[in-house]
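The values are calculated or read from the model by the stated rules, or taken from the named source; none is laboratory data. All figures in this text were calculated on a predicted structure; none of them were measured in a lab. Here Cβ is always computed from backbone atoms with ideal geometry, including for glycine, and neighbour counts include all displayed protein chains. In case anyone asks, the SASA skips ligands and DNA or RNA and just uses the protein heavy atoms, side chains included. Shrake-Rupley method; radii C 1.70, N 1.55, O 1.52, S 1.80 Å.
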Amino acid sequence: MVIDEKKPEDYQGRPVRFFQLENDEGLKASLMSYGATLVSLYVPDRQGRIGDVVLGFDSLSGYLGPNPYMGATIGRYANRIAGGRFVLDGREYQLAKNDGPNHLHGGIRGFDKVIWQAEPFTQPSGVGVRFSYLSPDGEEGYPGNLSCQVTYLLANNSQLEISYQATVDRPTHLNLTNHSYFNLSAGARNNILDHELQILASAFTPVDKTLIPTGEIKSVAGTPFDFRQPVRIGERINQVDGGYDHNFVLDNKGELALVARVFEPDSGRQLDLLTTEPGLQFYSGNFLDGTIIGKSGKTYGPRSAFSLESQHFPDSPNQPHFPSTVLRPGQVFRSKTIFRFSTR
Ligand code: GLA
């Protein structure tokens, strides 16, 4: 097990820290304190050759340019809030509208664009970094001082675990996720259409044109959203307007459980996703348009990667029948998501 710190880079006069982690099995991850971001993740294929399965950039400057949240921690509210507005305890709050008429991924300067405190650690089960951030009352329009921790653990059982914890001094809404873009071929394939995907979700939340849930909890049966058995991502993607960018209502009942499995047939790499969260946004990289130049000068075109964002449902603050995203003083928010790798 190794944890190494690279030379920090400067961002607006403050240091951004970079960590390189390696577990006992030779899996490697790198993390940075800007956005508490997962920068790279090297896992073996069925021949034992390791390859980087996440998109991103070679240096901090790439992350500061046009960057659709690659590898970042997303908050205070991952996904969309209609009109950027909600009423909490009788008071109305207006947030930034940074996605057409809606609020997306925490606003103009969300948790993906701030510098987190970082504390590397080693423990018998693996190596990791604990990131902390204090989001002040009123930041991006949200109420309450929120103290937030995101802990990455690269464990010695082929798992990257991400644990979230938060407390607040006034009621607020909170929805945290990680926005990694995966391509399990490690760059050998330019799109993810041949990846096989399984999502253990019997329902999903249909959306309007601006990707806000209509409120319906709809059965996946007989729709292109039925991933209860493994299906090629490309199989039915053209039946979905714009491609997949939908929240799945997981069958996990709020318990840490396997909720999704992705398999890439050429490399043999398999990713299992476990989470305590009730929802999972499956995003098929529809907005990647080839204008972004990422790692090693590679351009990221449409569907060159997918995201599986464990989360509460989009627009929950305005949909009282969705699981609540309210966090109140005295409560401790806890959530865990695991990316587990294997080959076959
Ligand atoms: C999420 C959203 C998508 C898009 C990406 C970032 O996955 O659901 O609509 O905003 O983030 O481009």
**Report entry** Among (1) more than 16 Å from the ligand (Cβ to nearest atom); (2) farther than 17 Å from E196 by Cβ; (3) not in a loop (DSSP other than H, G, I, E, B) - the single one P323 does not satisfy
**Finding:** (3)
Query - Hits in segment 273-315 - residues which are modelled with pLDDT of 95 or more, among the hydrophobic types (A, V, I, L, M, F, W, C) and open to solvent by less than 30 Å² (accessible area, probe 1.4 Å) - result: L273, L274, L280, F282, L288, A305, F306, L308, F313
Query raised in the report: Within segment 238-258, can you find the residues that are β-branched (V, I, T) and surrounded by 18 or more Cβ atoms within 10 Å (Cβ to Cβ)?
Result: V249
Requested in this report: Could you check, for segment 54-64, whether at least one of its residues is within 16 Å of the ligand (Cβ to nearest atom) and free of Cβ contacts under 8 Å to residues at least 40 places away in the same chain?
Outcome: yes
Query raised in the report: What number goes with the only condition from (1) surrounded by fewer than 22 Cβ atoms within 10 Å (Cβ to Cβ); (2) farther than 15 Å from P120 by Cβ that L41 does not pass?
Result: (1)
Report task. For Y42, indicate whether it is part of a loop (DSSP other than H, G, I, E, B) and either touching a strand residue (DSSP E or B) at 6+ places or on another chain (Cβ under 7 Å) or aliphatic (A, V, I, L, M) (or both). Result -> no
**Report entry** Residues of segment 95-105 satisfying the condition of being away from the ligand (no atom under 11 Å from the Cβ), open to solvent by less than 50 Å² (accessible area, probe 1.4 Å) and assigned to a loop (DSSP other than H, G, I, E, B)
**Finding:** L95, A96
Requested in this report: Identify, by number, the condition in (1) touching a residue at least 60 places away in the same chain (Cβ under 8 Å); (2) within 16 Å of the ligand (Cβ to nearest atom) that Y283 doesn't meet.
Outcome: (1)
Query raised in the report: Of these, V262, V220, V231, which one is out of contact with any helix residue (DSSP H, G or I) (no Cβ under 7 Å at 6 or more places or on another chain), of a type in the set (V, I, T) and within 25 Å of Q47 (Cβ to Cβ)?
Result: V262
Query raised in the report: What are the residues in segment 114-143 that are open to solvent by less than 30 Å² (accessible area, probe 1.4 Å) and either free of Cβ contacts under 8 Å to residues at least 40 places away in the same chain or within 20 Å of the chain's Cα centre (by Cα) (or both), if any?
Result: V114, I115, W116, A118, G128, V129, F131, S135
